[in-house]
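J.: Shown below is the structure under consideration.
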Amino acid sequence: MTITKRILDVVLALLLAAVLWPAVVVIALAIRLSDGAPVFYVAERMKTPDEPFDLWKFRTMRAAAANEGVSGGDKAGRVTAVGRLLRRTRLDEVPQLWNILRGDISFVGPRPPLRRYVEMFPALYGEVLKSRPGVTGLATLAFHKREEALLTGCNTAEETEATYVRRCVPQKARLDLIYAANRTVCYDLRLMVATVFKRVPLRRR
């Protein structure tokens, strides 16, 4: 990560924290009153192939004894009413401002993967994680709806895992590597604006 990118991350994270803190309080109260504790969901993700960190999000699902792997149709019944709203607006990711300030992630980059997928595809993630993971990115913008459609149709954890590994991991990695080849501060800003307006910008030529 360049110094310019890091400064941009810190400045934007502090500005957003100052603006969004009332929303954070309201969301936290809504989760606590409607679904109980805990308010936050903290899960291990990988910053590099060898370095894990705790990723923070607002909790959007009811707790379960077994909660491994990505979310598919098999977990849809656990998503709370508040959680559905937070996921639709991506407000569940606001607590990741803390991760940005800590330097765990950037605003823009590949989504931080679970350890199991990094260990499953070490060569692939060895390349992808040369970029600092991010809250949003080219793969998030270009493939999110397709990934959601693929996984929503899965009825078991095994089916979700197989679909994610076979159809999502390679496509997302390809897009992450395109981002890495075109990465500049200006391109990051374009991706952040595109995230707000839910549009996919063409890659810089």
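J.: Please state which of the following conditions MET1 fails to meet, knowing it meets all the rest: (1) touching a Lys or Arg at 6+ places or on another chain (Cβ under 8 Å); (2) hydrophobic (A, V, I, L, M, F, W, C); (3) in contact (Cβ under 8 Å) with a residue 60 or more places away in the chain; (4) over 20 Å from MET192 (Cβ atoms).
T.: Among (1) touching a Lys or Arg at 6+ places or on another chain (Cβ under 8 Å); (2) hydrophobic (A, V, I, L, M, F, W, C); (3) in contact (Cβ under 8 Å) with a residue 60 or more places away in the chain; (4) over 20 Å from MET192 (Cβ atoms), MET1 violates only (4).
J.: Turning to a different aspect of this structure: Can you give me the number of residues within segment 55-75 that are assigned to a strand (DSSP E or B) and touching a residue at least 24 places away in the same chain (Cβ under 8 Å)?
T.: So the count comes out to 4.
J.: Does segment 89-102 contain at least one residue that is of a type in the set (Ser, Thr, Tyr) and either modelled with pLDDT of 95 or more or crowded, with 21+ Cβ neighbours inside 10 Å (or both)?
T.: Checked segment 89-102: no residue is of a type in the set (Ser, Thr, Tyr) and either modelled with pLDDT of 95 or more or crowded, with 21+ Cβ neighbours inside 10 Å (or both).
J.: Let me ask something else. Could you grab the pairs with beta carbons closer than 6 Å, sequence gap of 6+ or different chains, first residue in segment 76-90 and more than 20 Å from LYS198 (Cα to Cα), second one loosely packed, with under 12 Cβ neighbours inside 10 Å and small (Gly, Ala, Ser)?
T.: VAL82/SER34
J.: If you check every pair at least six apart or on different chains, which have Cβ atoms under 9 Å apart with a residue in segment 179-198 that is more than 11 Å from THR136 (Cα to Cα) first and a residue that is part of a helix (DSSP H, G or I) and of a type in the set (Gly, Ala, Ser) second?
T.: TYR179/ALA139
Yes/no per residue for (1) over 16 Å from LEU86 (Cβ atoms); (2) open to solvent by 50 Å² or more (accessible area, probe 1.4 Å):
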site	(1), (2)
VAL19	yes, yes
PRO22	no, yes
VAL25	no, yes
LEU33	no, yes
GLY36	no, no
GLU44	yes, yes
THR48	yes, no
LEU55	no, no
THR60	no, no
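The values are calculated or read from the model by the stated rules, or taken from the named source; none is laboratory data. This structure is a prediction, so every number in the text was calculated from the model and none was measured. Quick reminder, even Gly has a Cβ in these numbers, built from the backbone with ideal geometry, and neighbours come from all protein chains shown. For the accessible areas, the whole protein counts, side chains as well, though only heavy atoms, and no ligand, DNA or RNA atoms are used. Shrake-Rupley method; radii C 1.70, N 1.55, O 1.52, S 1.80 Å.
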